[in-house]
Amino acid sequence: MGQKNGKELSTPTPPPPVVAVLGDDDLLREILVRLDFPTYLVRAALVCKLWLRHASDPAVLRRFRELHPPRLLGLYIVGAEFVPLPHPPELDVLFRRALFQVRGTNCGVDVAHCRNGRILTVVYDNYQSRPVGCVVWSPLRRTRGLLLPYPPKLEPLPPNDTSVEEYKILPEDGHNCLSCTIVRIVRVGTEVFAQQIVLQYGSRDVYCTSAIIEPRVRWQKSYTHRSLLVHKMFYVLGIKGYILGLDLVSMSFLVIDLPDGGQQQQQKYLRNLELSMADGSGFYLVHLKDLQIHVWHHDTDSGNADGWQPVHAICACQAIGHLARPNWKFTWMSRVWVFRVGNNSELLLKVGCEVFYMHIRNRKVEKVLDLNLEDGVNVFICPFTMVWPPNFPVLSEE
Amino acid sequence: MAAPESGDGNNGAARMVTLISSDNTRFEVEAAAASLSQTLQLTILDGGGGGGDGIPLPNVDSATLSKVLEYCIKHAPAAANGGAPNATAVDRAELERFDNEFVNIDQSVLYSLIMAAHNLEIEGLQSLVAKKVADMIKGKSPMEIRRTLGFPDPTPEEQAEMNAHMLEYGWAYE
């Protein structure tokens, strides 16, 4: 195809290609965003300062996340059993740790929360009645989990018509591995207040208490403890048609009525409602109703009167139907639980003893787990996902 | 001998353009293939590159250009189909096989290709070669990455800092 055109011309020697390529910002970024797993990206970031600067750049991270959404690695079944999902062999080490760390803590342990590659477990005394402490694990790291002693009970409270719920959650930033937050929602008669306790290894617990509010409808907790911490806002689902929001910075409450339709079918165990994170502001509500999965976005700044905006409506039957057992009847829908996975792009559906993993955007569903029949029906699942965003060393600028 | 200077797109034949590498080699290709390059596309649309003119590419040597054009010629039919939504699975599998084979090359050739794909703005090729480099460093430790890509050896201080960071941030590193 190519033919020499007359006489040879001498051209100036270009720089060695490796220097030209890896020294070029755009080209380097193109390579970095194609590294598949955040774990690889972090290692590449440690190659040199230039690479660290690019790998930790927000624009690169945004693109990386679009190309490789944080994947579901496995499920913690309450009772602290870890079930790994099929994964590439490169991640074997990570899985061995995820399996070992929590199991190694002995009995009387519950997984309370998983976030960004960390796991919060609650350790109980021998009779499983009272929590002794919390442990934050990080299977992706070498750091060992240390016991954070549980704060004392809230006293004194009136003996009658009182309820206290405790939500144990991991902080959002995750850069301090050994910290967790307990949010107490306390109801005395018709009044409600909240207490936030930050447990941090090596320093005193920090307590904050909110003012007292009196919701229009008496607050009633759900038994499934569906709560969410996103953008410093803590949300918890009650069973009386509204969500309690608590600003953890100002400790002020927000009462959010559920969208139309979401208010019906409220059950004591709230199997059919789930809260989930949004990338921007606000949060999502997933509602399973009449075989339909409705996803709503709530944003107080959206301009909508009630802040709700419907985002998706998916027919659960169509989505899972092809995977259904022949003996399934529609009644099985009454035993469907919805669980969030990381952000709003995926869901777990537990149908009886079977667990399905569903991608909301393309409606793709796969079956990931068969639970033990005896205890499978009422068991709680905590999805464990790949870390996001990754944590980088701080650049020391000259 | 000069390349034939015909191919103005008359007589039902595909329109041809001539590209001239940095070492003055002339390559004659179908305009459709050369147009995979965003950089060349406008010139070609304006009628450039035909006849005896040729489009000079002072940043791309003949060995690299020949490789780049191999890619363009293979991918042009699918690209003309608008990303080939109707392509059969066989076609797609064939392109994938070609791509895998195509980047199975020496590192210095790979780097030259990256530069060329970047300068000529050939999206598919940019992505393919960047992915190849990414594949070469996936799962490796920072030190292994440096060796793989031919970085100079780190100073003792850099090495110490790297080791410390690896313990702190390097994840599940055995």
> Where in region A:154-252 are there strands (runs of 3 or more DSSP E), lying wholly inside it, with at least 3 residues that are farther than 29 Å from A:VAL394 by Cβ?
Replying inline: A:162-169, A:179-188, A:191-200, A:233-237, A:242-247
> Here are A:LEU140, A:LEU147, A:LEU75, A:LEU67: which of them is open to solvent by less than 40 Å² (accessible area, probe 1.4 Å), of a type outside the set (Lys, Arg) and modelled with pLDDT of 85 or more?
Replying inline: A:LEU75
> Can you tell me which residue in region B:115-144 is farthest from A:TYR40 (Cα to Cα), limited to those that are among the basic types (Lys, Arg) and either within 7 Å of chain A (Cβ to nearest Cβ) or surrounded by fewer than 19 Cβ atoms within 10 Å (Cβ to Cβ) (or both)?
Replying inline: B:LYS131
>> Being in a helix (DSSP H, G or I), away from every other protein chain (no Cβ under 11 Å), in contact with a helix residue (DSSP H, G or I) (Cβ under 8 Å, 6 or more places away or on another chain) and not hydrophobic (A, V, I, L, M, F, W, C) is the filter here; which residues of region B:42-72 pass it?
In response: B:TYR71
> Could you say which residue among B:ALA34, B:ALA80 is within 14 Å of chain A (Cβ to nearest Cβ) and small (Gly, Ala, Ser)?
Replying inline: B:ALA34
> When the residues of region A:19-44 are filtered to those that are more than 8 Å from chain B (Cβ to nearest Cβ) and in a helix (DSSP H, G or I), which remaining residue is nearest to B:LYS140 (Cα to Cα)?
Replying inline: A:LEU41
> Among A:ASP306, A:ASP279, which is the only one that is touching a strand residue (DSSP E or B) at 6+ places or on another chain (Cβ under 7 Å), surrounded by fewer than 16 Cβ atoms within 10 Å (Cβ to Cβ) and touching a residue at least 40 places away in the same chain (Cβ under 8 Å)?
Replying inline: A:ASP306
> Can you spot a residue in region B:7-20 that is modelled with pLDDT under 90 and hydroxyl-bearing (Ser, Thr, Tyr)?
Replying inline: no
> Of the numbered conditions (1) of a type outside the set (Asp, Glu); (2) modelled with pLDDT under 75; (3) surrounded by fewer than 20 Cβ atoms within 10 Å (Cβ to Cβ), A:LYS289 satisfies every one except a single condition; which is it?
Replying inline: (2)
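The values are calculated or read from the model by the stated rules, or taken from the named source; none is laboratory data. Quantities reported herein were computed from a predicted structural model and do not represent experimental measurements. Don't worry about glycine lacking a Cβ; one is built from the backbone with ideal geometry, like all the others, and counts go over all protein chains shown. Surface areas here come from the heavy atoms of the whole protein model, side chains and all, with no ligands, DNA or RNA. Shrake-Rupley method; radii C 1.70, N 1.55, O 1.52, S 1.80 Å.
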